[in-house]
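A quick write-up on the structure given underneath.
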Amino acid sequence: MDSKTVFEKSRPGRAGVAVPNYWGADDNAGSAGIPEAMRRAKAPALPELSECDVTRHYVGLSQKNFSVDTQFYPLGSCTMKFNPRINEKVAALPGFAGCHPLAPASMCQGSLQLMYELQQYLAEITGMDAVTLQPAAGAHGEVTALFMISRYFHDKGEPRTKVIVPDSSHGTNPASAALAGFQVVTIASAPDGSVDLEALKASLDGSVACLMLTNPSTLGLFESKIEAITELVHGVGGLVYYDGANMNALMGLVRPGDMGFDLVHLNMHKTFSTPHGGGGPGAGPVGARGELVDYLPGPVVRQGDKGYELTAMPHTIGRVRLFWGSFAVLAKAYAYIRSLGASGLRQASEMAALAANYMRVRLHERYHVPYDTFCMHEFVLSADRMKAEKGVHAVDIAKALLDRGFHAPTIYFPLIVEEALMIEPTETESLETLDAFVDALLEIADEEAETLHSCPLNFSVSHLDETKAARKPVLQWPEA
Amino acid sequence: MSYLPHTADDRSHMLQTIGAASVEDLLQPIPERLRLLRPLKLPEAQNEYDLLQHMKALAAANTDVGANIFVGGGAYNHFIPAVTEMVTSRSEFLTAYTPYQAEASQGTLQTIFEYQTMICRLTGMDVANASVYDGGTAAADALIMAANKTRRRLVYVSQAVNPQVRQVIATYLAGSDIEVRELPIEQGMTVLPELTKEVAAVMVQIPNFFGIVEDGPSFCAKVREAGALPIVAVGDAVSLAMLEAPANYGAAICCGDAQALGLPLSFGGPYCGFLACKQELMRNIPGRLVGITEDRHGKRGYCLTLQAREQHIRREKAASNICSNQGLCALAVTVYLSLVGPKGLQQVARGSKLAADALKKALGAIDGFSVEFAAPTFNEFVLRCPKGRAGEILDYLAQHGIIGGCALGQDYPELSDCLLLCCTELTKPEAVERYAALLRSWVSENAQEGKA
């Protein structure tokens, strides 16, 4: 298969579609009144192809991808579960897809009702008092919560400057804290991978606005001392933020609100089965408790006298995006929750833990499992011994897995594990699939280093030179 | 339906392998007192058929107005060819993750590269990222980039920039050391003050929120003179086919929302923020970038590049916190632009403007109504209604199945009697005539009431 760009396939005079033309919008028509200096001198150099050519080009490109629908995709911390097709179908219903966000509320009651109910469901699942659906992704949810925290302390007349993150946290946590204007304090984890209470205590004082925490941690381990942790932070007047990236482990089993968290975000594109789309779109609703509810960005949906309506919270931080939320993504998450119901969600979390523990135990004799205890939905292997023994790195194992028809786990994360391979099977994979993946990893463990270094072999391209790409970046196709 | 494949035998085999008696054993690390001992309060699980009926009923509770959508304000009802949706619903694009494993993600990587190229060609810029959340966060990112690049801490944003975009900017920069000041407007156009040496950047929107095509070249020249960076936010992205590419008249950064280029309205999202800049800002741009490289055999391939800007490498020192972007939306835009091509996009732009000009002319001629600003507009314009009646007119049109525009009073008190209207190439001549006829009926009905 070639790797020619769509621009190289372009031939002047072709077109892929006849656009509706009700106004005689032919050459030179229509730009009347636009000052000469603002009229486009030269048409944008977009490609010119027939519909058949465009179809073949992009369908051909799709075939160069791994995806959940075609391969097992055990990417740790990403929850690559099966994405039910009914969710796609309902989110694309013309009544939803054609609804303009600035239509009067009376004309979009269906969309508003869906959002209102989803706010309620997510508040119940997390144990929060209220939820905003605005944020567009997980990191967007994080920064939203941090904006709220910043405003909250500002209004209390005690501006606080610091945000604490464990060294095992997602990179978005410190980056979000910095974007919201906080100083980031990173604390080292305890030897067992949990939050080090002494390190936490040492970092706590009246300047701490919040602790950001993932539970289960990025090692897949439930933070058993969570009550002590939230009490310590609350003890200095700080808040505790729940990074919901790993919520797939806990649905219906334990709720962030009951653990003492004050704010949470959830990833619709992880826990609630909406597809990742090659990088997005996601949705990252944020929940809050107590006084913080008043700071939620808005608008949010409420039930008024004349039906559902959009409203702003009294101390709202304002807007974090255009309009109300990534509705089509939210509709898929809503459909997922309606499909599973309470017991289905709980079973999903239980089976995610069963699958992860099963794989961990099948692998722990041949691979180093640095934190080898009951995990929740994911676990982390280390290739440190293989590196020492024969110069095999995590990336080599990842590429060898690709050749065997499996997507690789997340590698080199969390940062506290050397040569990390982070595996999250999810609850939707069959025992046969889990076994086949484990067998592949066991086989790879016996391979010679040289063999592994040559992987991957079964793709349109072999190992790519990333250094070259960065040294002299070519970020667009040159215009002919 | 819970999409679980495990049979009872599977479960007992797995538990046995683990050495656990039950799933409960695995949950021991969760302190007993924290456990939720009741079922979540959620509706009963629904089968696929019932769910579909339920969702259809919700969708039907939205009013179907067909193409009688005369409102834009950041979301535009343009035609979407069938192939766009076909490609974005391909499993291999839809259900893939971020392309961190380059060899197994060449499809996604190459489409992002093509998207970057198309955004560069539309805007005239040198670098475009793989997308951000929407036009609002793209604008906030643009200002942060400019402040970081110039090491200056004051930015100006025109009041003729979409108010929602300005609200996003305000939220994003509230906790930062960057000060945002707004530029006043006169006759619907931005008034540029004398700029001091503290100014990092000035942002205008073209076409602006009122649909007016502002004077880009003179704006950019004045901003450049002060050593600041001119930022052009784009209104309806389709306008780029008719209006000069912002880089060609001096913009340093161009941002906006690409929703108009192939994405459904979907009640406000997901959309696709685009962000593009001149070469000298390449290392300041946030978000993913895809570049060309070679494999071991010298074969062309695509990979994520310049990742040292990003959060998963730099943590709190990253250019931004963005991780998930709008990948699939950017793919839709790429396919849309490949299908319509340069001539098709120009035709969409012309049709949209012709329709809006026709509506402007028709409504401006009705007794008691007038076009608010004289400056040339693209596909949106401001209509002044009889005093105190704008809301009532919207209700009247809504009763006749028309979304007649959006009220401006909340964001612009001086325009509380005004509506912002929009047309696209999907607005038919008969729809324009019907809108005008309804307004005339409203006038005569109210005139009669007035007499009675």
For this session: Identify the residue in region A:15-39 that is under 15 Å from B:V335 (Cα atoms) and touching a helix residue (DSSP H, G or I) at 6+ places or on another chain (Cβ under 7 Å) and, among all such residues, is most open to solvent (accessible area, probe 1.4 Å).
Result: A:A15
Problem set entry | Cβ-Cβ under 9 Å pairs, at least 6 apart or on other chains, region A:97-108 side under 17 Å from B:Y396 (Cβ atoms), far side modelled with pLDDT under 95 and not small (G, A, S) | A:A105/A:K306; A:S106/A:K306
Exercise. Of all residues in region A:66-77, which are open to solvent by 10 Å² or more (accessible area, probe 1.4 Å), at the interface with another protein chain (Cβ under 7 Å from one of its Cβ atoms) and not aliphatic (A, V, I, L, M)?
Worked result: A:F66, A:D69, A:T70
Exercise. With respect to A:S207, is the statement that it is closer than 28 Å to B:I169 by Cβ, of a type in the set (S, T, Y) and surrounded by 24 or more Cβ atoms within 10 Å (Cβ to Cβ) true?
Worked result: no
For this session: State whether the residues of region A:434-444 include one that is more than 22 Å from B:L4 (Cα to Cα), crowded, with 16+ Cβ neighbours inside 10 Å and not β-branched (V, I, T).
Result: yes
Exercise. How many residues does region A:79-96 hold that are part of a helix (DSSP H, G or I) and either touching a residue at least 24 places away in the same chain (Cβ under 8 Å) or charged (D, E, K, R) (or both)?
Worked result: 8
Problem set entry | Filtered residues of region B:14-48 (kept if more than 26 Å from A:P425 (Cα to Cα), at the interface with chain A (Cβ under 7 Å from one of its Cβ atoms) and charged (D, E, K, R)) | B:K41, B:E44
Exercise. Condition test on A:V59, is it closer than 30 Å to B:Q347 by Cα, of a type outside the set (D, E) and within 29 Å of the chain's Cα centre (by Cα)?
Worked result: yes
Seminar exercise, completed: Filter region A:53-65 for residues that are charged (D, E, K, R) and not in a loop (DSSP other than H, G, I, E, B); the one that is surrounded by the most Cβ atoms within 10 Å (Cβ to Cβ) is A:D53
For this session: Among the numbered conditions (1) at the interface with another protein chain (Cβ under 8 Å from one of its Cβ atoms); (2) over 33 Å from the mean Cα position of the chain (by Cα), tell me where A:L102 comes up short.
Result: (2)
For this session: Would you be able to tell me the number of residues in region A:109-143 that are over 30 Å from B:Q311 (Cα atoms), touching a residue at least 24 places away in the same chain (Cβ under 8 Å) and facing chain B (nearest Cβ under 7 Å)?
Result: 5
Exercise. Among the listed residues A:V395, A:V369, A:V380, which satisfies the condition of being among the β-branched types (V, I, T) and within 12 Å of chain B (Cβ to nearest Cβ)?
Worked result: A:V395
Exercise. Restricting to region A:110-164, what's the tally of residues that are open to solvent by 40 Å² or more (accessible area, probe 1.4 Å), in contact with a strand residue (DSSP E or B) (Cβ under 6 Å, 6 or more places away or on another chain) and under 30 Å from B:I403 (Cα atoms)?
Worked result: 2
For this session: Determine the pairs where a residue that is in a loop (DSSP other than H, G, I, E, B), located within region A:253-270, has a partner that is open to solvent by 10 Å² or more (accessible area, probe 1.4 Å) and among the aliphatic types (A, V, I, L, M) with Cβ atoms under 8 Å apart, the partner being 6 or more residues away or on another chain.
Result: A:L253/B:L36; A:R255/B:L36; A:D262/A:L239
Problem set entry | Any chance A:N21 is in contact (Cβ under 8 Å) with a residue 60 or more places away in the chain and facing chain B (nearest Cβ under 7 Å) | no
For this session: Pick out, from region B:10-102, the helices (runs of 4 or more DSSP H) lying fully within it that include 3 or more residues that are without any contact (Cβ under 8 Å) to a residue 24 or more places away in the chain and open to solvent by less than 20 Å² (accessible area, probe 1.4 Å).
Result: B:48-60
Problem set entry | Answer residue from region A:78-89, given it is closer than 9 Å to A:T426 by Cα and facing another protein chain (nearest Cβ under 7 Å) and is least open to solvent (accessible area, probe 1.4 Å) among those | A:M80
Exercise. Within region B:263-278, restricting attention to residues that are farther than 19 Å from A:G277 by Cα and more than 7 Å from chain A (Cβ to nearest Cβ), which residue is surrounded by the most Cβ atoms within 10 Å (Cβ to Cβ)?
Worked result: B:A276
For this session: Scan region B:363-377 for residues that are surrounded by 15 or more Cβ atoms within 10 Å (Cβ to Cβ) and among the aliphatic types (A, V, I, L, M) and jot them down.
Result: B:L363, B:I366, B:V371, B:A375
Exercise. Of all residues in region B:296-315, which are open to solvent by less than 60 Å² (accessible area, probe 1.4 Å), free of Cβ contacts under 8 Å to residues at least 40 places away in the same chain and within 7 Å of another protein chain (Cβ to nearest Cβ)?
Worked result: B:R300, B:T305, B:L306, B:Q311, B:R315
Problem set entry | Members of region A:116-150 that are over 20 Å from the mean Cα position of the chain (by Cα) and part of a helix (DSSP H, G or I) | A:Y116, A:E117, A:Q120, A:E124, A:M148, A:I149, A:S150
Exercise. Taking region A:318-337 only, how many residues are out of contact with any Gly (no Cβ under 6 Å at 6 or more places or on another chain), open to solvent by less than 10 Å² (accessible area, probe 1.4 Å) and charged (D, E, K, R)?
Worked result: 0
Problem set entry | Single residue of A:A383, A:A312, A:A352 found to be within 30 Å of B:T171 (Cα to Cα) and either open to solvent by less than 40 Å² (accessible area, probe 1.4 Å) or in the same structural domain as A:F222 (by TED's automatic domain parsing) (or both) | A:A312
Exercise. Looking at A:V300, is it in contact with a helix residue (DSSP H, G or I) (Cβ under 9 Å, 6 or more places away or on another chain) and either of a type in the set (S, T, Y) or surrounded by fewer than 22 Cβ atoms within 10 Å (Cβ to Cβ) (or both)?
Worked result: no
Problem set entry | Selection count, region B:413-431, where residues are in a helix (DSSP H, G or I) and open to solvent by 10 Å² or more (accessible area, probe 1.4 Å) | 5
Exercise. Pairs under 8 Å by beta carbon, first residue surrounded by fewer than 17 Cβ atoms within 10 Å (Cβ to Cβ) in region A:40-51, partner part of a loop (DSSP other than H, G, I, E, B), six or more apart or different chains?
Worked result: A:A41/B:E244; A:S50/A:R14; A:S50/A:A15; A:S50/A:G16
For this session: Restrict the check to region A:229-239 and report whether at least one residue is part of a loop (DSSP other than H, G, I, E, B) and within 12 Å of chain B (Cβ to nearest Cβ).
Result: no
For this session: Search region A:455-478 for residues being part of a loop (DSSP other than H, G, I, E, B) and more than 7 Å from every other protein chain (Cβ to nearest Cβ), and hand back the single one that is most open to solvent (accessible area, probe 1.4 Å).
Result: A:K472
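The values are calculated or read from the model by the stated rules, or taken from the named source; none is laboratory data. Keep in mind that this is a model prediction, so the values were computed, not measured. All Cβ positions, glycine included, derive from the backbone under ideal geometry; neighbour counts span all protein chains shown. Please note that ligands, DNA and RNA were not included when accessible areas were found on the heavy atoms of the full protein model with its side chains. Shrake-Rupley method; radii C 1.70, N 1.55, O 1.52, S 1.80 Å.
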